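The values are calculated or read from the model by the stated rules, or taken from the named source; none is laboratory data. Bear in mind the structure is a predicted one, so any value in this text is a computation, not a measurement. Using ideal geometry, Cβ is built from the backbone for each residue, glycine included, and neighbour counts are taken over all protein chains shown.
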Amino acid sequence: MAESASGDDRIIRETGVDARVASIIMPVLGTIGFRLVRVRLSGQNGLTLQIMAERKDGTMDVEGCEEVSRAISPVLDVEDPIDKAYHLEVSSPGIDRPLVRKSDFEAALGHLIKMETAVMVAERKRFRGKIASTDGEAVTIERDQASYGDEPVVTVPWDAIAEARLILTDDLIDEALKKDKQARQQAKKKSGAEEDDAAEHEPDNDN
């Protein structure tokens, strides 16, 4: 699925009110360095608008959630896409994240996912297995629970996917911990470099 006129590069998108909310907040997220993962309006705790977002490098933390919330709240108040009172909840995608972009699937190569399709593919609509490969047209999955007569490997076109998410496994957790450690090290190096740069530009007060 090509990028839409709104600049939405996700292959799995919302409909109805959720889609309206997505179109309102995506430009705001882009200006502060974040991207939208998913919008979901649910009846949880009265009415809850769940916004799942992440930085463009795929990271997200509490500070990021707070920044997103502060940025999108005024816009939602002005546009008022929901005609009832609701609670805004901003969260990270989590380790067992939804896969909404082709790049999400590419980053999850070798990991276990569960997926539902909008149309029948290989006589089924639900799949579970490891991502074997991706290309411009489809994702190929090696099924780990194939029934008798089922194809062990199935290729699903991008535009047939209705929903997909990672399944929490030890391998997935280990990879997430490694990525988190690398991100922290890079942030520390960047912070150290900025401090060194600031020190170099401090005026010399010696008489």
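Go through region 133-169 residue by residue and tally those that are at pLDDT 95 or above and acidic (Asp, Glu).
Within region 133-169, residues that are at pLDDT 95 or above and acidic (Asp, Glu) number 5.
Considering (1) part of a helix (DSSP H, G or I); (2) surrounded by 12 or more Cβ atoms within 10 Å (Cβ to Cβ); (3) over 13 Å from the mean Cα position of the chain (by Cα); (4) not acidic (Asp, Glu), say which one Leu88 fails and leave the rest.
Evaluating Leu88 over (1) part of a helix (DSSP H, G or I); (2) surrounded by 12 or more Cβ atoms within 10 Å (Cβ to Cβ); (3) over 13 Å from the mean Cα position of the chain (by Cα); (4) not acidic (Asp, Glu) leaves (1) as the failure.
Being over 21 Å from Asp180 (Cβ atoms), part of a loop (DSSP other than H, G, I, E, B) and at pLDDT 95 or above narrows it down to one residue among Arg10, Arg38, Arg70; which is it? Before the answer, list the steps.
Working: Arg38 fails: part of a loop (DSSP other than H, G, I, E, B); Arg70 fails: part of a loop (DSSP other than H, G, I, E, B).
Going through Arg10, Arg38, Arg70 in turn, just one is over 21 Å from Asp180 (Cβ atoms), part of a loop (DSSP other than H, G, I, E, B) and at pLDDT 95 or above: Arg10.
Of Leu76, Leu109, which residue is modelled with pLDDT of 95 or more and assigned to a loop (DSSP other than H, G, I, E, B)?
Values: Leu76 fails: assigned to a loop (DSSP other than H, G, I, E, B).
Result of the check over Leu76, Leu109: Leu109.
For region 53-67, which positions are surrounded by 19 or more Cβ atoms within 10 Å (Cβ to Cβ) and either among the hydroxyl-bearing types (Ser, Thr, Tyr) or assigned to a loop (DSSP other than H, G, I, E, B) (or both)?
The one that is surrounded by 19 or more Cβ atoms within 10 Å (Cβ to Cβ) and either among the hydroxyl-bearing types (Ser, Thr, Tyr) or assigned to a loop (DSSP other than H, G, I, E, B) (or both): Met60.
Out of the residues in region 136-182 meeting the condition of being among the small types (Gly, Ala, Ser) and surrounded by 14 or more Cβ atoms within 10 Å (Cβ to Cβ), tell me which one is nearest to Thr59 (Cα to Cα).
Initial filter on region 136-182 (among the small types (Gly, Ala, Ser)): 136, 138, 146-147, 149, 160, 162, 164, 176.
Checking which are surrounded by 14 or more Cβ atoms within 10 Å (Cβ to Cβ) leaves us with 138, 146, 160, 164, 176.
Details: Ala138: 26, Ala146: 34, Ala160: 28, Ala164: 19, Ala176: 10 Å.
Of everything passing the filter in region 136-182, Ala176 is nearest to Thr59 (Cα to Cα).
Read through the list (1) over 16 Å from the mean Cα position of the chain (by Cα); (2) surrounded by 14 or more Cβ atoms within 10 Å (Cβ to Cβ), then give the number of the only condition that Leu99 fails.
Here Leu99 clears every test but (1).
Among the residues of region 115-135 satisfying the criterion of being under 15 Å from Ile11 (Cβ atoms), within 19 Å of the chain's Cα centre (by Cα) and not β-branched (Val, Ile, Thr), which is surrounded by the most Cβ atoms within 10 Å (Cβ to Cβ)? Quick ask: steps written out before the conclusion?
Restricting attention to region 115-135, the residues satisfying the condition of being under 15 Å from Ile11 (Cβ atoms) are 115-119, 121, 131, 134-135.
Remaining after also requiring within 19 Å of the chain's Cα centre (by Cα): 115-117, 131, 134.
So of that shortlist, the ones also not β-branched (Val, Ile, Thr) come out as 115-116.
Values: Met115: 23, Glu116: 14.
Per the criteria, the residue is Met115.
Is there a residue being free of Cβ contacts under 8 Å to residues at least 40 places away in the same chain and on the phi > 0 side of the Ramachandran plot anywhere in region 53-67?
No, region 53-67 contains no residue that is free of Cβ contacts under 8 Å to residues at least 40 places away in the same chain and on the phi > 0 side of the Ramachandran plot.
Where residues in region 17-36 are of a type in the set (A, V, I, L, M) and touching a residue at least 40 places away in the same chain (Cβ under 8 Å), which of them is farthest from Glu66 (Cα to Cα)?
Quick first cut of region 17-36, residues of a type in the set (A, V, I, L, M) only: 17, 19, 21-22, 24-26, 28-29, 32, 36.
Narrowing further to those that are touching a residue at least 40 places away in the same chain (Cβ under 8 Å): 17, 21, 24-25, 28-29.
Values: Val17: 23, Val21: 18, Ile24: 18, Ile25: 15, Val28: 14, Leu29: 12 Å.
Only one residue tops the list, namely Val17.
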